[in-house]
């Protein structure tokens with residue numbers, strides 16, 4: 001019999017309680033974090049928990065991830081949870097290739113996975129495989145993308161933010177800034193989560209929204225040039241929402257290239273984006289606390305496998321949105337440097 005590691009699980013449950021306080025109708029709040037001095041003091045007094053008995057449980061995390069600044073933090077959270085609980089975590093990235101993600105889910109099922117975490121950036125491609133995994137008796141939790149699809153597919157819950165609500169919060173920010181027309185700049189095509197961010201922006205923003213794919217994150221010059229061209233073609237655009245951390249930073253360079261002063265917002269966090277907010281070049285970024293998306297998914301799969309626990313009650317477990325602005329960026333920066341934000 002697998003012995004539950006109560007110390008590690010209690011720590012995990014503390015995180016769960018902090019993450020489950022939102023609902024689809026909630027208004028995004030400022031992201032808060034302990035001051036850097038407090039975080040440092042906590043690190044000095046924390047004792048590493050070593051599991052007293054290893055487990056034969058293996059969980060698979062099948063995502064559309066790459067090795068970039070966002071997904072590296074999700075992976076860090078998943079691995080930290082696996083280490084704390086003494087389970088194996090298999091990380092399967094696909095770099096936005098739905099066919100590879102389908103193959104990775106199939107491989108996890110064939111391997112007899114004890115639970116699968118899957119991001120549904122492309123629910124049309126992944127949906128049948130998720131249903132097949134569940135039919136095979138393997139619990140599935142969606143993370144990051146899939147908040148509107150997980151329940152119909154039969155997943156235990158979804159861990160992430162409601163992207164439309166996050167976009168709505170961004171729209172309200174641009175209203176407060178006084179923007180008149182915003183370019184919603186996307187770095188991936190066919191990603192339903194990014195599309196929903198732009199839909200949410202259009203729902204609450206008082207001005208006009210233009211949505212455009214501006215190039216992949218791996219093509220920085222393309223992104224800069226495409227955004228600059230859009231600005232030059234439409235003099236009414238005075239705001240850019242980058243629906244990822246890299247494209248938001250590149251919007252700053254595009255504005256300089258086009259000779260334009262812009263209101264700029266972003267999604268997620270990177271060192272470059274934090275620096276741009278500190279400098280006043282970017283006004284805000286939407287924080288979905290992606291470390292929790294990896295950490296909580298593994299914890300929830302573990303509790304389901306060992307204690308038949310389910311969470312969410314048919315609703316997603318929200319990890320955001322919050323906002324990082326000039327008011328709280330210094331606090332968050334220390335945690336970004338630590339690799340957990």
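The values are calculated or read from the model by the stated rules, or taken from the named source; none is laboratory data. Being a predicted model, the structure only gives us computed values, none of them experimental. Note: ideal-geometry Cβ built from the backbone for every residue, glycine included; neighbour counts use all protein chains shown.
Here are a few things to note about the model shown:
- Residues of region 217-238 that are within 24 Å of the chain's Cα centre (by Cα), surrounded by 18 or more Cβ atoms within 10 Å (Cβ to Cβ) and modelled with pLDDT of 95 or more: 223, 224, 227.
- Close Cβ contacts (under 7 Å, 6 or more residues apart or on different chains) running from residues in region 204-226 that are free of Cβ contacts under 8 Å to residues at least 60 places away in the same chain and on the phi > 0 side of the Ramachandran plot to residues that are buried (at least 18 other Cβ atoms within 10 Å of the Cβ) and part of a helix (DSSP H, G or I) comprise 215/223; 215/226.
Let's see how each residue does on (1) more than 16 Å from the chain's Cα centre (by Cα); (2) over 30 Å from residue 336 (Cβ atoms); (3) at pLDDT below 95:
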residue: 96; (1), (2), (3): no, no, yes
residue: 99; (1), (2), (3): yes, yes, no
residue: 104; (1), (2), (3): yes, no, no
residue: 130; (1), (2), (3): yes, yes, no
residue: 144; (1), (2), (3): no, no, yes
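Listed here are the residues, each with its yes/no results for (1) at pLDDT below 95; (2) assigned by TED's automatic domain parsing to the domain that holds residue 101; (3) within 23 Å of the chain's Cα centre (by Cα).
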position: 37; (1), (2), (3): yes, no, no
position: 59; (1), (2), (3): no, yes, yes
position: 66; (1), (2), (3): yes, yes, yes
position: 75; (1), (2), (3): no, yes, yes
position: 89; (1), (2), (3): no, yes, yes
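- In region 286-324, the residues that are over 21 Å from residue 113 (Cβ atoms), in contact with a helix residue (DSSP H, G or I) (Cβ under 7 Å, 6 or more places away or on another chain) and surrounded by fewer than 17 Cβ atoms within 10 Å (Cβ to Cβ): 314
- Any hit, region 307-327, residues being farther than 29 Å from residue 90 by Cβ, outside the structural domain of residue 142 (by TED's automatic domain parsing), more than 19 Å from the chain's Cα centre (by Cα) and not in a helix (DSSP H, G or I): yes
- Residue match in region 193-200 (condition: modelled with pLDDT under 95 and either more than 18 Å from residue 146 (Cα to Cα) or in contact with a helix residue (DSSP H, G or I) (Cβ under 7 Å, 6 or more places away or on another chain) (or both)): yes
- Residue within region 253-265 that is touching a residue at least 60 places away in the same chain (Cβ under 8 Å), buried (at least 24 other Cβ atoms within 10 Å of the Cβ) and assigned by TED's automatic domain parsing to the domain that holds residue 71 present: no
- A search for C-beta distances below 9 Å between a residue of region 294-316 that is free of Cβ contacts under 8 Å to residues at least 12 places away in the same chain and any residue that is assigned to a loop (DSSP other than H, G, I, E, B), counting only pairs 6+ apart in sequence or on different chains, returns 313/157.
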